[in-house]
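Asks: First the structure, which I've put down as structure tokens, then a few questions once you've had a look.
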Amino acid sequence: MSAGLNMSKLASRSGYFSFDYSEYPSIIRGGHNLMQIVVSDEPVRAQYKTADFLVALNKETIDLHVEELEDGGSLLCDEESKPLFQKLKKINIFLIPINKIAKELGGSLLLRNTAALGASIALLGGDLKIFKNLVAQEFSAKDPKITENNFAVCQAGYDYAIKNYGDKIKDILKPRKTKIKMVINGNEAISLGAVAAGMQFSAIYPMTPISGILHSLALLQEKYGFVCKQPEDEIAAINMAIGASFAGARSLVATSGGGFCLMTEAYGLAGMTETPLVIIEGMRGAPATGLPTWTEQGDLRMVLHAHQGDFPRIVLAAGDIEEAFHLTMLAFNLADEYQTPVVVIVDKQICESHMSVGLFDYKTYKADVGKLLLKKQDNYKRFALSADGISTRSPVGFGNYVMANSDEHNEAGFSSEEAQNRIEQMEKRMQKLQTCAKEDMSAPRIIGPKNADLTIVSWGSNKGAILEAMKNFSNVNFLHLTWISPFPAKEVKNILARARRVLNIECNYSAQMSGLIKERTGIEIKNNLLKYNGRPFYPEEIVVQIKKVLALKK
């Protein structure tokens with residue numbers, strides 16, 4: 001994965017766009033790992049089912065992935081694997097002594113990936129100086145000998161490829177000038193979004209696929225002056241965050257579906273006490289432990305309905321790395337403004353895939369703390385009734401008496417079981433969703449031609465594969481949904497009522513978004529492309545389904 005990330009960064013620094021996708025088993029050590037890097041001279045947002053160039057560090061990789069190579073593709077591997085290739089007549093084979101180079105010049109077989117990268121850069125016409133700069137940065141805090149060994153190994157792999165296969169070099173990675181881009185994954189984008197939004201406290205128990213958020217924030221906490229806490233479990237995490245928010249700090253928790261299950265009791269506590277809180281929920285295969293290191297989109301309904309009873313749940317869903325950054329920033333404002341938990345749903349595909357993007361622009365962002373009272377007020381009532389459903393919030397320490405617990409309460413915060421008070425407080429809290437829909441919810445986005453023969457509906461990380469597939473069609477558009485609660489029912493209904501054909505695409509078994517659309521609009525989507533094997537959609541799969549639906553009568 002480290003080698004693959006460096007190849008992505010090399011492509012980006014050479015002036016190209018890149019997207020990488022990783023697979024690894026849910027075991028502590030060992031097992032088969034891979035990373036696929038897509039390089040293009042135009043923006044690329046998803047991995048593909050096939051490959052043009054396969055770098056195999058062992059025999060298992062060849063056995064598992066050689067069939068994915070396109071005719072005329074290339075395979076780079078150690079020369080010791082030569083007997084395997086009697087049947088591979090349509091593939092260019094580059095035999096590089098990566099094992100020998102690693103052991104003799106690097107002192108360890110672990111450096112064979114560096115030798116393979118050096119050879120790959122040569123065969124793809126890349127600049128080895130750029131890669132050496134990346135290596136120097138990666139090992140800058142370690143023994144200089146490590147950097148020297150990596151330099152020697154990658155140079156040897158590069159030189160061997162030039163000497164033995166110089167006539168087959170392609171200028172795929174030949175450096176060119178373009179705007180500066182970052183190579184960043186969703187976890188890093190979420191972390192930067194939280195810092196840019198003024199987050200002051202985070203409590204995260206590590207759980208795939210959001211562990212990278214904890215790692216990223218831990219490195220930034222001293223520089224930007226916030227608390228990054230790794231508690232003993234997810235229950236402690238959300239209760240710590242609620243406590244910090246109660247005291248006035250912008251607070252965040254992050255977890256996956258299993259961890260969110262443990263958090264649901266406190267999820268409702270934040271709703272009842274009207275405490276701002278941002279929750280990042282990273283989906284993976286479920287139920288139970290499920291597929292810990294693979295992707296899925298099966299948590300939508302759970303997030304919408306977790307905890308008993310009714311309270312205002314604001315739920316957003318990021319479709320890519322850029323949206324993960326901006327929606328995280330938005331979530332902090334919404335949480336403060338509406339004094340309720342805000343969930344940003346992502347998944348393993350977004351959390352751990354890297355994409356080359358321009359520098360994030362947040363100059364226009366302003367922290368909106370909502371109705372925040374920072375001075376003493378006579379006869380202060382924390383849960384005072386209001387037309388928009390939002391009471392004035394005063395953190396502890398400013399002289400205002402604040403009472404809050406998990407019981408239903410009156411305007412002053414004292415527990416109350418009076419019928420009329422219950423009606424008033426319930427309606428006040430739920431009014432927040434109507435106010436949010438009116439004041440802050442953005443209209444759903446249609447990508448592609450206004451008049452299309454097919455409208456694709458989807459949410460989350462499917463966005464990338466859909467956009468890649470749409471490059472093959474001029475008569476297809478895409479309804480991309482990021483607001484889940486409140487839900488833009490009127491706009492979605494109008495769009496789908498005008499559509500000639502509709503195709504819903506989701507990575508879950510039960511078409512959860514399709515069901516939500518029917519529930520909120522009355523429109524039943526009959527064409528659903530569903531995937532639940534732990535792998536994300538490939539553009540090729542979507543192209544096939546688009547053709548099938550376009551062939552149907554209106």
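Asks: Stretched out fully, how many nm does the piece from Arg520 to Asn533 gain, at 0.36 nm a residue minus the Cα gap?
Replies: Gain on extension, Arg520 to Asn533, equals 1.9 nm.
Asks: I need the shape label for the stretch 371-440. Rule: rounded when a/c is under 1.5, else prolate if a/b > b/c, else oblate, with a, b, c from the alpha carbon gyration tensor.
Replies: oblate
Asks: Another question, then. What are the trypsin sites (Lys or Arg not before Pro) within the stretch 156-214 that DSSP puts in a loop, where the Cβ has at most 10 other Cβ atoms within 10 Å?
Replies: Passing sites in the stretch 156-214 are Arg176, Lys177, Lys179.
Asks: For a protection proxy built on the mean count of beta-carbon atoms within 10 angstrom, sort 400-407, 9-16, 497-504, 457-464 highest first, please.
Replies: For the peptides 400-407, 9-16, 497-504, 457-464, the packing ranking is 457-464, 9-16, 497-504, 400-407.
Asks: Which percent, nearest 5, of DSSP beta bridges in the stretch 2-178 are antiparallel?
Replies: Restricted to the stretch 2-178, the bridges split so that about 45 percent are antiparallel.
Asks: For the stretch 445-550, rounded, prolate or oblate, judged on the Cα gyration tensor with a ≥ b ≥ c (square roots of eigenvalues), a/c < 1.5 rounded, else prolate if a/b > b/c?
Replies: Cα axes put the stretch 445-550 in the oblate bin.
Asks: Just how far, in whole angstrom, is the stretch 38-68 from the stretch 477-502 if you go by their alpha carbon centroids?
Replies: A separation of 35 Å, based on Cα centres.
Asks: What are the aspartates and glutamates whose alpha-carbon lies under 19 Å from the alpha-carbon of Lys553, with same-chain residues fewer than 8 places away excluded?
Replies: Within the straight-line cut-off, Lys553 pairs with Asp453, Glu524.
Asks: Towards the positive end of the charge dipole of the chain, with charges on Cβ (+1 Lys, Arg; -1 Asp, Glu), say which of Ser191, Ser12, Phe332 has the farthest Cα.
Replies: The residue sitting most towards the positive pole is Ser12.
Asks: Same structure again: Using DSSP, restrict attention to beta bridges with both residues in the chain and report what percent are antiparallel, rounded to the nearest 5.
Replies: Percentage antiparallel, nearest 5: 30.
Asks: If you don't mind, another one. Order of 379-390, 43-54 by packing, highest average Cβ count within 10 Å first?
Replies: Order by mean packing, descending: 43-54, 379-390.
Asks: Right, next: Once amide H atoms are placed 1.01 Å from N in the peptide plane, what residues at a sequence separation of 5 or more from Leu529, or on another chain, have their amide H within under 5 Å of its amide H?
Replies: Answer set, sorted by chain and number: Asn504, Ile505, Glu506.
Asks: Place +1 on the Cβ of every Lys and Arg and -1 on the Cβ of every Asp and Glu in the chain, take the dipole about the Cα centre, and give the residue among His65, Phe398, Leu214 whose Cα lies farthest towards its positive end.
Replies: The Cα lying farthest towards the positive end belongs to His65.
Asks: Residue farthest toward the positive end of the dipole of the stretch 2-178, with Cβ of Lys/Arg at +1 and Asp/Glu at -1: which of Ser26, Ile98, Phe53?
Replies: Ranked along the dipole, the leading option is Ile98.
Asks: A further question follows. Grab the beta carbon distance between Gln434 and Arg176, set R0 = 56 Å, and tell me the FRET efficiency rounded to 0.05.
Replies: Efficiency computed from Cβ-Cβ geometry: 0.65.
Asks: For the chain, give the magnitude of the charge dipole about the Cα centre (Cβ charges: +1 Lys/Arg, -1 Asp/Glu; no others), in debye to the nearest 20. Before the final figure, lay out the partial values.
Replies: Values: 63 positive and 61 negative charges, 318 e Å.
Dipole magnitude for the chain comes out near 1520 debye.
Asks: Can you grab the distance from the C-alpha centre of the stretch 226-263 to the C-alpha centre of the stretch 355-378, Å, no decimals?
Replies: Taking the Cα centre of the stretch 355-378 as reference, the centre of the stretch 226-263 is 20 Å away.
Asks: Counting DSSP beta bridges in the stretch 445-550, what percent are antiparallel, to the nearest 5?
Replies: Details: 3 of 16 bridges.
Bridges in the stretch 445-550 are about 20 percent antiparallel.
Asks: In degrees, nearest 10, range 0 to 90: what is the angle between the Cα axis of helix 234-246 and the longest Cα principal axis of the chain?
Replies: So the inclination is approximately 50 degrees.
Asks: Taking neighbour counts of Cβ atoms within 10 Å as a proxy for exposure, in what order, fewest first, do Lys547, Lys103 appear?
Replies: Listing Lys547, Lys103 from fewest to most nearby Cβ atoms yields Lys547, Lys103.
Asks: Something else now. Among Lys103/Lys174; Lys363/Lys471; Lys432/Lys490; Lys132/Lys163; Lys428/Lys490; Lys59/Lys177, which pairs are too far apart, with a Cα-Cα distance over 27 Å?
Replies: The pairs that break the limit, which is 27 Å between Cα atoms, are Lys103/Lys174; Lys363/Lys471; Lys59/Lys177.
Asks: Turning to a different aspect of this structure: Against the longest alpha carbon principal axis of the chain, how many degrees, from 0 to 90 and to the nearest 10, is the axis of helix 539-550 turned?
Replies: Between helix and principal axis, roughly 70 degrees.
Asks: Most exposed first by the Cβ proxy, i.e. fewest other Cβ within 10 Å, how do Ser251, Ser514, Ser416 rank?
Replies: Placing the least packed residue first, the sequence is Ser416, Ser514, Ser251.
Asks: Ordered by residue, what ³J(HN,Hα) values in Hz, to whole numbers, does the stretch 101-112 give under the Karplus form 6.51 cos²θ - 1.76 cosθ + 1.60, where θ = phi - 60° and Gly and Pro are x?
Replies: For the stretch 101-112, the Karplus-derived couplings read 4, 4, 6, 7, 9, x, x, 7, 5, 4, 8, 5 Hz, x marking Gly and Pro.
Asks: Residue-wise, which Karplus ³J(HN,Hα) couplings in Hz belong to the stretch 380-388, taking 6.51 cos²θ - 1.76 cosθ + 1.60, θ = phi - 60°, and x for glycine or proline?
Replies: Residue by residue, the stretch 380-388 yields 5, 10, 4, 10, 4, 5, 8, 5, 8 Hz.
Only the coordinates and a few stated rules stand behind these numbers; no lab work does. Everything numeric in this text was worked out from a predicted model, so none of it was measured. Every residue, glycine as well, gets a Cβ built from its backbone with ideal geometry; the counts of neighbours run over all protein chains shown.
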